[in-house]
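Each value in this text was obtained by applying a stated rule to the coordinates, not by laboratory testing. None of these values were measured; they are calculated from a predicted model. Every residue, glycine among them, receives a Cβ derived from its backbone with ideal geometry; neighbour counts consider all protein chains shown.
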Amino acid sequence: MSKGTPTIDMTPMVDLAFLLVTFFMLTATAIPDEPVTVDTPSSISEIKIPENNILTITIGKDSRVFFNVDGQPTRAALLGKMGEMYGVQFTPEETHTFAIMSSIGVPMGGLKQFLDLKPEERKAMQPQLPGVPVDSAHNELADWVLQARLLNRQLRIAIKGDRDAEYPVVKKVVNTMIDRKVNRFNLITGMEKGGS
Amino acid sequence: MAEIQGGGDDKKKKGGKVRSKKSSTRIDMTPMVDLAFLLLTFFVMTTTLNKPQTMEITMPEKPKKDDPEPPKVNERDVLTIVLGENDKVYWYTGITDPKIELTNFSATGIRKVLQTKKNEIPKLVVLIKPSDKSKYKNMVDILDEMNIGVIQRYAMVDITPTDEELIKDSQL
């Protein structure tokens, strides 16, 4: 060792760094890829959302509605059921794509084509997705929720709305739920930021 | 640790044999550290530390055909809150010929109204009527106010044309 070269023993630092890496790796749950950025309103509520068995209905600023449910087996089975209902046959590849995909924002009519696209193309399409239809005449959201609840009885329903989402859309979604006898749901909110 | 060898080196050089400088077992850890910190930064950034909160609401069931008539509520006990556009809050008590007033979501706004009304009327029933121009945020805020003010009985109902006219006529 040449004289005067300042050497620092990095071992403790590296130990610490790896400890932290391990900690974050194990606790990490990747931020899910949301098709629409949602700025949730704040509330004083301090109930944390449960980790599993969540059915999320996302309402974007632009009144598009997305549907998501966790659990890959549930999702795969759900697609099959929905296919039966709407008379669409899905290949195993499409089912797999669906199982690992994030929120659904395509009407049933276009879902098959959407699943056949390459992942990059799907991602590029996200800003133009029409959302799940929730009109009273043509309410696919109701079917999604119904089938998902039949498959997983423990599902809790969470509504994640953007703070600037129009109330009529929220009302439509809420009424859809009430029509399906879902009377209890969670509204996802953020933390209250300072004085309101 | 690797540092210990520093002391030993000098002595060995004095002994006749010129040994090739014992290669130190020290490994340059810099790249590893770089990587470790890169990963650390990545995980710190992607972790969602604060899980989102939720607000649980239970909506009333749809009335069935053979349901008994719901108990009548004295109209003097009713406080109606209408959520208007641009975060406006209109409120009035009673149903016949109400006097409509305007307030906002601040701590001195609707919260104060709810507090005074709660003290005035023991059997207070709050009707929340979000208008079509209100935002989702307004709905969450008003539900929040219900929790803050510990209002036991409240309901979210659709806005009626009468309410809309009231607001229009009030010019507020």
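Observations on the model:
- Annotation for the stretch A:113-196: chymotrypsin sites (Phe, Trp or Tyr not before Pro) lying in DSSP loop with at most 15 further Cβ atoms inside 10 Å of their Cβ do not exist.
- For the stretch B:47-99, the set of trypsin sites (Lys or Arg not before Pro) satisfying both a DSSP loop assignment and a count of at most 14 other C-beta atoms within 10 Å is given as B:Lys64, B:Lys65, B:Lys72, B:Lys99.
- Cross-linked pairs B:Lys62/B:Lys129; A:Lys48/A:Lys181; B:Lys64/B:Lys137: Cα-Cα separations exceed 27 Å for B:Lys64/B:Lys137.
- Gaussian network model of chain A, Cα within-10 Å springs - most flexible of A:Thr91, A:Thr56, A:Thr27: A:Thr27
- Placing unit charges on each Cβ (+1 for Lys and Arg, -1 for Asp and Glu) gives the stretch B:103-158 a dipole about its Cα centre, and among B:Thr116, B:Asn104, B:Gly149 the Cα reaching farthest toward its positive end belongs to B:Thr116.
- Measuring between their Cα centroids, the stretch B:92-171 and the stretch A:75-133 lie 42 Å from each other.
- For the stretch B:66-132: relative contact order, % (alpha-carbon pairs under 8 angstrom, 6 or more apart): 37 percent
- Taking the three principal axes of the alpha carbon atoms in the stretch A:59-165, the coordinate ranges are 39, 34, 27 Å, sorted in descending order.
- Range of Cα positions in the protein assembly as shown per principal axis (Å), largest first: 113, 56, 35
- Counting neighbouring beta carbons within 10 Å and listing from fewest to most, the residues A:Arg149, A:Arg64 come out as A:Arg149, A:Arg64.
- Theoretical FRET efficiency, 1/(1+(r/R0)^6), r = Cβ-Cβ of B:Lys112 and A:Glu46, R0 25 Å, to 0.05: 0.60
- log10 of Debye I(q)/I(0), alpha-carbon scatterers only, for the stretch B:37-146 at 0.21, 0.22 Å⁻¹: -1.21, -1.27
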